[in-house]
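**Student:** Can you read through this structure? Questions will come right after.
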Amino acid sequence: MRARYGVPLGIAAAGAAGVLYAAGFEARSFRLRRVTVPVLPPGMRPLRILQVSDIHMVSGQRKKQRWLRSLAGLRPDFVINTGDNLSDTEGVPEVLDALGPLMEFPGAYVFGSNDYYGPKLRNPARYLIEKARGRHGLNGNKPVVGAIHNPWEDLRDGFDGAGWLNLTNTRGTLKIEGMSVELTGLDDPHIKRDRYDRVAGGPSESADLSLGVVHAPYLRSLDAFTADGYPLILAGHTHGGQLCIPFYGALVTNCDLDTDRVKGLSTHTVGDHTAYMHVSAGCGTNRYTPVRFACPPEASLLTLVERDA
């Protein structure tokens, strides 16, 4: 019996332990990623951006809420929220409560698909199938039928009421101690709501700094921002791969971005233009797949400094 069943039982035990770790520990092991980005013009003081993304709030996630509130202690110059705040139709009050201390700072936001629509149970293997077919979200796939609609308007009103800029296919400007920071945003490319033609033209000459902001880092959006001369693009959506293989990395990005740039700071080049890009691995998960492996939840503190001569 031992020879016949010992190995399968050992594999099953190891698998169960892995699931318990991924769901019970790592998915709630919140981290702060610190990044330095040389994009400021000479003579401009450093700026600190706190990026939060992919919160995927489910009612009752108290530890996540406490951790988000604690981020206000970092005292950033401004906050960028790159979307997917919800994974529960009842989650809006808890998102606004958790982000309340951060909304005391200047900020801006874009929405992701999960802000508009509730999650559905799906086979995780579909992400691999979509990667193989080059189809993601509504990009090449059939329209969703019977989608659950989230109360995103309440979320928008809460952010707007706090003075955060809504960057839905539009531009906005933050004044930070006399400095003009221009933000150009897109609605979510994952569900084909991006309209770059409405914001095309590149950074304004009057701005001290211009940034591109989008939820899902699809190549068409990255290409457009980079070709127009934006020095830095902020995005989320990928969850850093969520379930990664140690010493190998992510298997999928849930968009057409390559897995080498699934999270953290990298660059994107179009012609003779190169932009820095920061992709947040986010701090949540879809409520139906509440696990992370080799990819802990995070927020990011980006310190912008003078660019190289």
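The values are calculated or read from the model by the stated rules, or taken from the named source; none is laboratory data. Just so we're clear, the structure is a prediction, and the values are computed from it rather than from any experiment. Because the Cβ atoms are built from the backbone with ideal geometry, glycine has one as well, and the counts that use them run over all protein chains shown. All accessible areas refer to the heavy atoms of the entire protein, side chains included, with ligands and DNA or RNA removed. Shrake-Rupley method; radii C 1.70, N 1.55, O 1.52, S 1.80 Å.
**Student:** Using a Förster distance of 35 Å, how high is the FRET efficiency between residue 147 and residue 176, based on the Cβ-Cβ distance and rounded to 0.05?
**Tutor:** It comes to 0.35.
**Student:** Here's another thing I want to ask about it. Kirkwood Rh over alpha-carbon pairs of segment 224-309, then Stokes-Einstein at 10 °C and 1.306 mPa s: what D in µm² s⁻¹, rounded to an integer?
**Tutor:** 113 µm²/s
**Student:** Let me ask something additional. Would you rank 117, 109, 196 by solvent-accessible area, highest first, keeping every protein chain in place and using a 1.4 Å probe?
**Tutor:** Ranked from most to least accessible, the order is 117, 196, 109.
**Student:** Here is a follow-up. Among the DSSP beta bridges whose two residues both lie in segment 149-297, what percent are antiparallel, rounded to the nearest 5?
**Tutor:** That works out to approximately 55 percent antiparallel.
**Student:** Rounded to the nearest 10 Å², what accessible area does residue 94 show when all protein chains are kept and the probe is 1.4 Å?
**Tutor:** 30 Å²
**Student:** Heads up, I need the accessible area for residue 177: 1.4 angstrom probe, whole protein in place, Å², nearest 10.
**Tutor:** Roughly 150 Å² of residue 177 is accessible to a 1.4 Å probe.
**Student:** Here's something else I'd like to know. With the alpha-carbon atoms as the only input, what is the per residue convex hull volume for the chain in Å³?
**Tutor:** 151 Å³
**Student:** Of 226, 271, 289, whose Cα points farthest to the positive end of the dipole of the chain (charges on the beta-carbon: +1 Lys, Arg; -1 Asp, Glu; origin at the Cα centre)?
**Tutor:** So the residue we want is 289.
**Student:** For residue 40, which sequence-distant residues (separation of 5 or more, or a different chain) have an amide H within less than 5 Å of its own amide H, given hydrogens modelled in the peptide plane?
**Tutor:** Long-range HN contacts for residue 40: 305, 306, 307.
**Student:** Share of segment 201-278's accessible area from carbon and sulfur, percent, 1.4 Å?
**Tutor:** The C+S portion of the solvent-accessible surface of segment 201-278 is 52 percent.
**Student:** Any idea of the accessible area per residue across segment 71-227, 1.4 Å probe, to the nearest Å²?
**Tutor:** Here the per-residue accessible area is 43 Å².
**Student:** Provide, for the chain, the number of lysine pairs with alpha carbons under 26 Å apart, each pair being eight or more places apart or on different chains.
**Tutor:** Lysine pairs satisfying the spacing and distance rule in the chain number 13.
**Student:** Something else now. Just how far, in whole angstrom, is segment 57-111 from segment 154-172 if you go by their alpha carbon centroids?
**Tutor:** Answer, in whole Å: 14.
**Student:** How much length is gained if the chain between residue 129 and residue 247 is pulled fully straight, taking 0.36 nm per residue apart and subtracting their Cα-Cα distance, in nm to one decimal?
**Tutor:** 40.2 nm
**Student:** On the full set of protein chains, 1.4 Å probe, figure out the accessible area of residue 105 and give it in Å² to the nearest 10.
**Tutor:** My reading of the accessible area for residue 105 is about 30 Å².
**Student:** Do the sum for the chain: with -39,500 (n - 2.57) for every DSSP H run of n ≥ 4, divided by all residues, what is the mean residue ellipticity at 222 nm, to the nearest 500 deg cm²/dmol?
**Tutor:** Helices in the chain give a 222 nm mean residue ellipticity of -7000 deg cm²/dmol.
**Student:** Once the Cα atoms of segment 156-309 are picked out, what are the Rg and Dmax in Å?
**Tutor:** 16.0, 48
**Student:** Where the convex hull is taken over the Cα atoms of segment 122-235, what is its projected area averaged over directions, in nm²?
**Tutor:** If I average the Cα hull's projected area over directions, I get 9.0 nm².
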